[in-house]
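Below you'll find the structure, written out as structure tokens, and then a few comments.
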Amino acid sequence: KQEVTQIPAALSVPEGENLVLNCSFTDSAIYNLQWFRQDPGKGLTSLLLIQSSQREQTSGRLNASLDKSSGRSTLYIAASQPGDSATYLCAAPTQGGSEKLVFGKGTKLTVNP
Amino acid sequence: DVKVTQSSRYLVKRTGEKVFLECVQDMDHENMFWYRQDPGLGLRLIYFSYDVKMKEKGDIPEGYSVSREKKERFSLILESASTNQTSMYLCASSLSSGRSYNEQFFGPGTRLTVL
């Protein structure tokens, strides 16, 4: 059964710092992995979806990587800003390319001015 | 851009009431999902629909039912609301399976309080 873990649960950094958020998963036979952002009291916003063939995906200051062999994905945020403060969740398919996802519990990021 | 909308942002109901949560997506997605999100428990799948009138139970279907009469609309029904169903409810949609690019898109959420 797929399990997704995100450590740490919370992270506080000063503005301008580059940072890495971690996501690990137990079933590595997946076709893709998705990263989301959630602001307090709001829905999830899709940030990046990495296909296993890509291994890496970039959007602006965000870069996500996927290493199936180690069961890990990372989300790199460059030059962090206070507006990046939010909870970041990763999600992996229950198996293969399943439509159904298993979510981590998220990392709450605070970027201090 | 994909848009997923939910009928209410906040809802307050009484124990025993029948509650309808509505979700509409505008991108002709085959798949639609209902999740609930609770502190410390994360997101949990309640029901999943992969086509009109087709549904599949998720991890926590007890106390809930769903309806999908049209492709763009997916309804979550609480037959008799209870206080332990107080939660944030999130709807999502995605394109059909058979692709590795099944990105999920979420609505803004409905915060339901059952008194």
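The values are calculated or read from the model by the stated rules, or taken from the named source; none is laboratory data. This structure is a prediction, so every number in the text was calculated from the model and none was measured. Cβ coordinates were reconstructed from backbone atoms using ideal geometry, including for glycine residues, and neighbour counts include every protein chain displayed. Ligands, DNA and RNA are excluded from the accessible area calculation, which covers all protein heavy atoms including side chains. Shrake-Rupley method; radii C 1.70, N 1.55, O 1.52, S 1.80 Å.
Brief remarks follow.
- Test: residue in region A:26-48 that is more than 19 Å from B:Leu43 (Cβ to Cβ) and touching a Pro at 6+ places or on another chain (Cβ under 8 Å): yes
- Which listed residue is open to solvent by less than 70 Å² (accessible area, probe 1.4 Å), in contact (Cβ under 8 Å) with a residue 60 or more places away in the chain and small (Gly, Ala, Ser), from A:Ala79, A:Ala86: A:Ala79
- Selection of first residues in region A:32-43 that are more than 7 Å from chain B (Cβ to nearest Cβ) and under 14 Å from A:Asn63 (Cα atoms) and of second residues that are hydroxyl-bearing (Ser, Thr, Tyr) and surrounded by fewer than 24 Cβ atoms within 10 Å (Cβ to Cβ), restricted to Cβ pairs under 6 Å at least 6 apart or on distinct chains, gives the following pairs, ordered by first then second residue: A:Phe36/A:Ser46; A:Arg37/A:Thr45; A:Arg37/A:Tyr88.
- Wholly enclosed strands (runs of 3 or more DSSP E) of region B:59-115 bearing at least 2 residues surrounded by fewer than 19 Cβ atoms within 10 Å (Cβ to Cβ) and touching a strand residue (DSSP E or B) at 6+ places or on another chain (Cβ under 8 Å): B:64-70, B:73-78, B:110-114
- Inspection of region A:67-84 finds a residue satisfying the criterion of being at pLDDT below 95 and in a strand (DSSP E or B).
- Count of region A:79-102 residues, restricted to those that are of a type in the set (Gly, Ala, Ser), more than 8 Å from chain B (Cβ to nearest Cβ) and farther than 15 Å from A:Leu48 by Cα, is 6.
- Restricted to region B:1-37, and to residues there that are among the aliphatic types (A, V, I, L, M) and not in a loop (DSSP other than H, G, I, E, B), the residue that is surrounded by the most Cβ atoms within 10 Å (Cβ to Cβ) is B:Met32.
- A:Ala9 surrounded by fewer than 17 Cβ atoms within 10 Å (Cβ to Cβ), more than 9 Å from every other protein chain (Cβ to nearest Cβ) and of a type in the set (A, V, I, L, M): yes
- Residue match in region A:33-52 (condition: aromatic (Phe, Trp, Tyr), over 10 Å from the mean Cα position of the chain (by Cα) and surrounded by 17 or more Cβ atoms within 10 Å (Cβ to Cβ)): no
- Residue in region B:38-46 that is of a type in the set (Lys, Arg), open to solvent by 70 Å² or more (accessible area, probe 1.4 Å) and at the interface with chain A (Cβ under 10 Å from one of its Cβ atoms) present: no
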